[in-house]
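The values are calculated or read from the model by the stated rules, or taken from the named source; none is laboratory data. Note that the structure is a prediction, hence the values are computed from the model and not measured. Methodologically, a virtual Cβ is constructed for each residue, glycine included, from the backbone with ideal geometry; neighbour enumeration extends over all protein chains shown.
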Amino acid sequence: MTAARWWRFSRIDGTQIASTEIAVRKAKSAIMFKRPTKVFEDRMAAGPAGSNLATLHPAVTASEGGVPLMFGGQIVGANRLQRRDRASRTV
């Protein structure tokens, strides 16, 4: 990651404050590790073999929703999909 700048950020009224920070962490994880955060969630759910994942790097957010955005084979950003968006999108 050579330059990370906010382009757009919005929050639904009434959302708990912690959700905002979690969304940012999911997007950063997707960029830093070049994969959807669902990969990390699945690994943690697999049991003891994946349980060390969270200790590998403080930026790991092992929760579905962070998705890297690609253009021309390069990561150009990341998005945090809301739960209602996930059912209609495959990654």
Taking interchain pairs and intrachain pairs at least six residues apart, which have beta carbon atoms under 7 angstrom, with the first residue in segment 39-61 and closer than 12 Å to K28 by Cβ and the second in a loop (DSSP other than H, G, I, E, B)? T61/T37
Go over the candidates A54, A49 one by one and state the one that is loosely packed, with under 11 Cβ neighbours inside 10 Å and either in contact with a strand residue (DSSP E or B) (Cβ under 9 Å, 6 or more places away or on another chain) or modelled with pLDDT under 85 (or both). A49
Out of R43, R89, R35, R25, report the one residue that is basic (K, R), part of a loop (DSSP other than H, G, I, E, B) and modelled with pLDDT of 75 or more. R35
Cβ contacts < 8 Å: first residue within 16 Å of R25 (Cβ to Cβ), restricted to segment 63-91; second residue modelled with pLDDT of 85 or more and acidic (D, E), any location; separation 6+ or different chain. Result? S63/E41; E64/E41
